[in-house]
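In what follows, a structure is listed as structure tokens, so that the remarks can point back to it.
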């Protein structure tokens, strides 16, 4: 990938991305092949090789490598598993991948330095946090074009949607806040102060709480969504980034970039109850839809760590592309 000149603001809040955006990388060829077995399909955005690795969630085998734009940083999958969306942070675009053919079928221009992406529960909209332009791009999955741009806080790094699709949560790393956006109107309805450098967030399955990883204060904020305030702060490892919650809501997993660990939080006790050693520079994290596995991208190891949620231990390490960042899991068998 080419050198990226606009990393100044991002470097202040995401130290681990700075080096990644300054180095060259190759482009791998696409691969089709058979559809993965039961266990879901795992997609990994490789920032330094400008590719997305396709991993069979059942076997742990890499079954494809898809060339995308410059500096792929985050990936999300539509609820039906048919569409995959990748933010290209150095190209200011989103690649739209057809999961069946494993090819890029559209490239959508968005804001400055798109950092994270998520898809609405009904599959109609894609939301992209643009860290350099302090806004969120809304993409229609039907037209594959931006339909709205919502101004939020300073340096938005994370996005998540409520289960009912009515509220978008945006982590503003530069502001130390979370913006609440009404998706129907694209208006900001509230701002909640959290820790320092919030970079990723995930709603609890019951919709009552929001968990936010704070990169520079080394903790996770627990937000009471009914009261609209931070209700607790849980210390974790060094530079927490990717975050996910199990479907039963009992545990939250957090990738600690600086500690080479994953912190496991008991939501009942609101404390870390286990720490799992993974590869170097863990940053992206995704939970399998059935809650059986947790997938963690190890940026400096060029690998994907697979954690068994029941045993709370690493059961597999999968070699992927260069500089893996974002991770997403498609439900079920994936498109055939």
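The values are calculated or read from the model by the stated rules, or taken from the named source; none is laboratory data. Just so we're clear, the structure is a prediction, and the values are computed from it rather than from any experiment. All Cβ positions, glycine included, derive from the backbone under ideal geometry; neighbour counts span all protein chains shown.
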Of the numbered conditions (1) closer than 22 Å to residue 178 by Cα; (2) in contact (Cβ under 8 Å) with a residue 40 or more places away in the chain, residue 256 fails exactly one; give the number of that condition.
(2)
For the stretch 219-248 the number of residues that are part of a loop (DSSP other than H, G, I, E, B), surrounded by 15 or more Cβ atoms within 10 Å (Cβ to Cβ) and either in contact (Cβ under 8 Å) with a residue 40 or more places away in the chain or touching a helix residue (DSSP H, G or I) at 6+ places or on another chain (Cβ under 7 Å) (or both) is 2
Which pairs do you get when a residue that is at positive phi and modelled with pLDDT under 95, found in the stretch 52-68, comes within reach of a residue that is part of a strand (DSSP E or B) and surrounded by fewer than 24 Cβ atoms within 10 Å (Cβ to Cβ), reach meaning Cβ atoms under 7 angstrom, with the pair 6+ apart or on two chains?
60/306; 60/316; 60/318
Among the residues that make up the stretch 150-163, is at least one of them part of a strand (DSSP E or B), loosely packed, with under 15 Cβ neighbours inside 10 Å, without any contact (Cβ under 8 Å) to a residue 40 or more places away in the chain and more than 18 Å from the chain's Cα centre (by Cα)?
yes
For the stretch 88-127, give me the residue count where each residue is within 16 Å of residue 165 (Cβ to Cβ) and part of a strand (DSSP E or B).
6
Taking only the stretch 208-218 into account, find how many residues are over 18 Å from the mean Cα position of the chain (by Cα) and either crowded, with 24+ Cβ neighbours inside 10 Å or closer than 17 Å to residue 170 by Cβ (or both).
1
If residue 87 satisfies all but one of (1) free of Cβ contacts under 8 Å to residues at least 40 places away in the same chain; (2) under 20 Å from residue 172 (Cα atoms), what's the number of the condition it fails?
(1)
Among 199, 191, the single one that is part of a strand (DSSP E or B) and touching a residue at least 60 places away in the same chain (Cβ under 8 Å) is 199
Restricting to the stretch 264-301, name every residue that is surrounded by 18 or more Cβ atoms within 10 Å (Cβ to Cβ) and free of Cβ contacts under 8 Å to residues at least 24 places away in the same chain.
301
Do we find that residue 59 is surrounded by fewer than 24 Cβ atoms within 10 Å (Cβ to Cβ) and more than 27 Å from residue 293 (Cβ to Cβ) in this structure?
no
Got a sec? Which strands (runs of 3 or more DSSP E) wholly within the stretch 281-331 have at least 2 residues that are within 16 Å of the chain's Cα centre (by Cα) and either at pLDDT below 95 or closer than 20 Å to residue 61 by Cβ (or both)?
282-287, 293-298, 303-308, 324-330
Which numbered condition residue 147 misses (of (1) out of contact with any strand residue (DSSP E or B) (no Cβ under 6 Å at 6 or more places or on another chain); (2) without any contact (Cβ under 8 Å) to a residue 24 or more places away in the chain)
(1)
